[in-house]
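Peer 1: Structure provided below as structure tokens; questions to follow.
None of the figures in this text is laboratory data; all of them are computed from the coordinates on show. Remember, it's a predicted structure, so these values are computed and weren't measured experimentally. Cβ placement follows ideal geometry from the backbone for every residue including glycine, while neighbour counts extend to all protein chains displayed.
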Amino acid sequence: MSLSKTLAGLGMVTLAIQLSVAGDTSETSLLASTPTLPNGISSGDTTQTSTVLWTRSAVAGDVRFSVKDKDGEIFNDTVRVKDVHKPIKLLVDRLEPGKKYRYKITSPTGQSITGTFKTAAKPHSDEGLSFGVSGDWRGELAPYPAIKNVDGKSLDFFVKLGDTIYADIASPAAPGGQVKTLAEYRAKHQEVYASHSGINSFAELQRNVSVFSTIDDHEVINDFAGGALAVTDPRFSTTTGLINQTELYKNGLQAFVEYNAIKNKRYPALGDALTDGRLDLYRSQRYGLTAGIFILDARSFRDRELPGVGNITDPTQIGGFIAHSYDAGKPNTRTMLGQRQLLRLKADLMAAQKDNVTWKFVVLPEPIQNLGILGAGDRYEGYASERAELLGFIDEHAIKNVVFIAADIHGTVINDLT
């Protein structure tokens, strides 16, 4: 997606998309010559002045990270690998805005892969923006030829928009179906980022395009609600606490954070049982005056989903679902995002509008538009009060050019959102 001020005035739009184009699969992956770095290299969570570098070494020992600009090397450090199933990361800071850097990661055996990343634009620049988005890929469907051409697109960044593994679907890495242990979740991620038939599309993509990553449901288990009581979902095998406190959730999220170039941030303790100490996947980043991007976690804090409508032609059942989605007779609004995350999004949208940032991209794993009653409990239609609150806030404060980008439904829909 390439955008500039010439597109101003589009208003509020929602997209449920996988933005990629099929490419040639004949080229042999670079990983054939670097088997000690089997999942490639990556940069992520890149800001104006920092980035997170990532890899996994198949052998124990010291892995070296080097970063260069056009004048030479500016950073050099090592990280020791003890567990070959656990990827390693390194934060590189003191970088300059709007600048392209080359980095190299070298395994303990001396094998190297090089890549590039670009820092976010200067605060008051207006240089345009080009980025990609994809979501929903399963290990047994690799090597994902639809993203193979991304490496040549000179994107500013790429968003991995949830369902980055399917922990509940059988694949060669987990033929038994739903995984449970940390080791099993790690194996599912390794499968996605490994070579298949000599091709590793994600490794080719990530080495030259910085990524932002977030979860949907399949990183843990299908259609889970992290803010619901664990006792309401027997798949989590516990009767105490919230789902986002269970071992299954923690294993899934730990593996996700390990296998993505993402900062390991947590919500500070403020007396909120829903979010205190939980992983913080919310991301907000400006690209000069061109755009701001706001990446959400729509799973970890959502209330229990509403039951589906048994008969989708019955007006009474449909009316009942809609009434419950608007919290009829309840003192508190049902939430998908959690109040702390929603407040951050509102504040960041307001600040972007105040600072005359043209585009505001809200990246949400779940569709926000109304797609009908079928399966609506898992989408924002099942949390209609919060949806109305968010859209009403955008309208009330005249926040212009808000674009929602979603995944999950495995199709392409572009329309105005009201």
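Peer 1: Please report the net charge: other residues with Cβ closer than 10 Å to the Cβ of Ala173, K and R +1, D and E -1.
Peer 2: Around Ala173, the charge tally is -1.
Peer 1: Would you mind checking which residues have amide H under 5 Å from Gln111's amide H? H placed 1.01 Å from N; only 5 or more apart, or other chain.
Peer 2: For Gln111, no residues qualify.
Peer 1: Taking the Cβ-Cβ separation of Glu140 and Leu270 as r and a Förster radius of 45 Å, what is the calculated FRET efficiency to the nearest 0.05?
Peer 2: On the way: r = 42 Å, r/R0 = 0.93.
Taking R0 as 45 Å, the efficiency between Glu140 and Leu270 is 0.60.
Peer 1: A follow-up question, please. Can you classify the range 83-176 as rounded, prolate or oblate using the Cα gyration tensor, where a ≥ b ≥ c are the square roots of its eigenvalues, rounded means a/c under 1.5, and otherwise it's prolate if a/b beats b/c and oblate if not?
Peer 2: Numbers: a/c = 2.31, a/b = 1.43, b/c = 1.61.
Taking the square roots of the gyration eigenvalues as a ≥ b ≥ c, the range 83-176 is oblate.
Peer 1: In addition: State the Kirkwood hydrodynamic radius of the range 263-315 in Å, one decimal place, computed from all pairs of distinct Cα atoms. Walk me through the numbers on the way to the answer.
Peer 2: Details: mean 1/r = 0.0688 Å⁻¹.
About 14.5 Å for the range 263-315.
Peer 1: Using the Cα gyration tensor of the range 227-285, with a ≥ b ≥ c the square roots of its eigenvalues, what is the shape: rounded (a/c below 1.5), prolate (a/b larger than b/c) or oblate (neither)?
Peer 2: Note, shape of the range 227-285 comes out oblate.
Peer 1: Report, by chain and number, residues whose modeled amide H sits under 5 Å from the one on Thr55, excluding near sequence neighbours (fewer than 5 apart, same chain).
Peer 2: Residues meeting the amide H criterion: Ile88.
Peer 1: Which cross-chain or sequence-distant (5 or more) residues have an amide H under 5 Å from the amide H of Ala291, H modelled 1.01 Å from N in plane?
Peer 2: Thr358, Trp359
Peer 1: Have a look at the range 58-134 and give its Rg and Dmax from the Cα atoms, expressed in angstrom.
Peer 2: In order Rg, Dmax, the Cα atoms of the range 58-134 give 15.2, 45 Å.
Peer 1: Per DSSP H run of at least 4 residues, take -39500 (n - 2.57); add these up for the chain, divide by its residues and hand me the 222 nm value, nearest 500 deg cm²/dmol. Please report the intermediate quantities before stating the final value.
Peer 2: Numbers: 6 runs with 69 residues, N = 418.
Rounded to the nearest 500, the figure is -5000 deg cm²/dmol.
Peer 1: Go through the range 113-122 residue by residue and turn each phi into a ³J(HN,Hα) via Karplus (6.51, -1.76, 1.60, θ = phi - 60°); whole Hz please, and just put x for glycine and proline.
Peer 2: Values per residue, Gly and Pro as x: 10, 10, x, 9, 8, 10, 6, 5, 5, 4 Hz.
Peer 1: Right, another one. If you look at just the Cα atoms of the range 279-357, how large are its Rg and its Dmax in Å?
Peer 2: Just the Cα atoms of the range 279-357 yield Rg and Dmax of 17.3, 50 Å.
Peer 1: Oh, and also: How big is the range 169-319 by the Kirkwood estimate over distinct Cα pairs, in Å?
Peer 2: This gives a value of 17.7 Å.
Peer 1: Taking every pair of distinct Cα atoms and averaging 1/r, then inverting, what Kirkwood hydrodynamic radius in Å comes out for the range 265-418? Please report the intermediate quantities before stating the final value.
Peer 2: Details: mean 1/r = 0.0601 Å⁻¹.
About 16.6 Å, per the Kirkwood formula over Cα pairs.
Peer 1: Provide the descending list of Cα extents for the chain along its principal axes, expressed in whole angstroms.
Peer 2: 66, 51, 45
Peer 1: Turning to a different aspect of this structure: Near Glu73, within a Cβ-to-Cβ distance under 14 Å, what is the net charge of the other residues, with Lys and Arg +1 and Asp and Glu -1? Intermediate results must be reported in sequence, preceding the final value.
Peer 2: On the way: positive: Arg64, Lys68, Lys70, Arg94, Arg102, Lys104; negative: Asp69, Asp71, Asp77.
Once all neighbours under 14 Å are counted, the net charge is +3.
Peer 1: Using 0.36 nm per residue of separation minus the Cα-Cα distance, give me the extension gain between Asp355 and Glu127 in nm, one decimal.
Peer 2: Stretched out fully, the Asp355 to Glu127 stretch lengthens by 80.5 nm.
Peer 1: Where Lys and Arg each count +1 and Asp and Glu each count -1, what net charge lies around Arg304 among other residues with Cβ under 12 Å from its Cβ?
Peer 2: -3
Peer 1: Once the range 336-418 is represented by equal point scatterers at the alpha-carbon sites, with solvent omitted, what log10 I(q)/I(0) does the Debye formula produce at q = 0.16, 0.17, 0.21, 0.22 Å⁻¹?
Peer 2: -0.63, -0.72, -1.08, -1.17
Peer 1: Would you mind getting me the FRET efficiency between Arg64 and Gln254? Use the beta-carbon distance for r and R0 = 25 Å, nearest 0.05.
Peer 2: Working: r = 25 Å, r/R0 = 1.02.
Using R0 = 25 Å, I get an efficiency of 0.45.
Peer 1: Provide the three semi-axes, in whole Å and in decreasing order, of the ellipsoid equivalent to the range 22-152 as defined by the square roots of 5 times the Cα gyration tensor eigenvalues.
Peer 2: With the √(5λ) rule applied to the range 22-152, the semi-axes are 25, 23, 13 Å.
Peer 1: Express in % the proportion of alpha carbon pairs of the range 153-245 at distances exceeding 22 Å.
Peer 2: Summing the P(r) tail past 22 Å for the range 153-245 gives 40 percent.
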